[in-house]
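Colleague: Here's a structure for you.
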Amino acid sequence: MLLAACAAGLREGQYAKDGVRYRVVAPAEPAWRRIEFAENDLAWTAKGSGHLISINATCKDHGDPSLEVLTGHLLIGFDERTLTGRKPETIDGRAALRSFYDVSIDGMPAEVEVVVLKKNGCVHDFTYVSPRGARATQQATFDALVSGFTQEASP
């Protein structure tokens, strides 16, 4: 049973990998489908809509950059990035930064919302990608994922 608790994966709202555990409110199926997405712990796509939500924890080799710098790293690969808004907030008792961008992905216009926080030696990032002008349709799902996040003691 102890080995199962240490294995990476999502079980009953709790994700565990490499010595970090956190809880999230996963998007509801069947409207959302879990997918594998490079360099992310968890990712989901809303069926047939072009919306993507992901979360990742990095607990090694990240140094101590600012939340703004960490946000910038998450936008590598998006074209024509334009910051449209930014606001500080508190998530799981820690300072976080929520940023909004208009971007282009392979020539297609999109919106990206990124939330970044640091806690207990880890950087946690949440990303929501939507077709331009359609972010509001799944905003509540992304907000539930972010607001339901809690990092737990190591397994």
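Throughout, read-outs are computed from the coordinates displayed, never taken from laboratory work. Keep in mind that what you see is a predicted model, and the values were worked out from it rather than measured. Methodologically, a virtual Cβ is constructed for each residue, glycine included, from the backbone with ideal geometry; neighbour enumeration extends over all protein chains shown.
Colleague: Among (i) 9, 32, 35, 17, 6, 1, 0; (ii) 11, 41, 36, 11, 1; (iii) 11, 34, 26, 13, 10, 4, 1, only one was calculated for this model; which label is it, if the read-out is P(r) over Cα pairs in 10 Å bins from 0, in percent?
Modeller: The value computed from this structure is option (ii).
Colleague: Given R₀ = 22 Å, FRET efficiency for residue 100-residue 12 by Cβ-Cβ distance, to 0.05?
Modeller: It comes to 0.10.
Colleague: If you don't mind, there's one more thing I want to ask. Where does the charge balance sit around residue 88 when Lys and Arg score +1, Asp and Glu -1, over other residues with C-beta under 14 Å from its C-beta?
Modeller: +3
Colleague: Would you grab the residues whose amide H sits under 5 Å from the one on residue 49? Only those 5+ places off in sequence or on another chain, please, with H modelled 1.01 Å from N.
Modeller: none
Colleague: Could you tell me the number of lysine pairs in the chain with C-alpha atoms less than 22 Å from each other, where the two lysines are 8 or more residues apart or belong to different chains?
Modeller: 7
Colleague: Given R₀ = 35 Å, FRET efficiency for residue 143-residue 60 by Cβ-Cβ distance, to 0.05?
Modeller: After rounding to 0.05, the efficiency reads 0.75.
Colleague: Counting helices only, and only those DSSP H runs with n ≥ 4, report the 222 nm mean residue ellipticity of the chain as the sum of -39,500 (n - 2.57) divided by its residues, in deg cm²/dmol to the nearest 500.
Modeller: So the calculated ellipticity at 222 nm is -3500 deg cm²/dmol.
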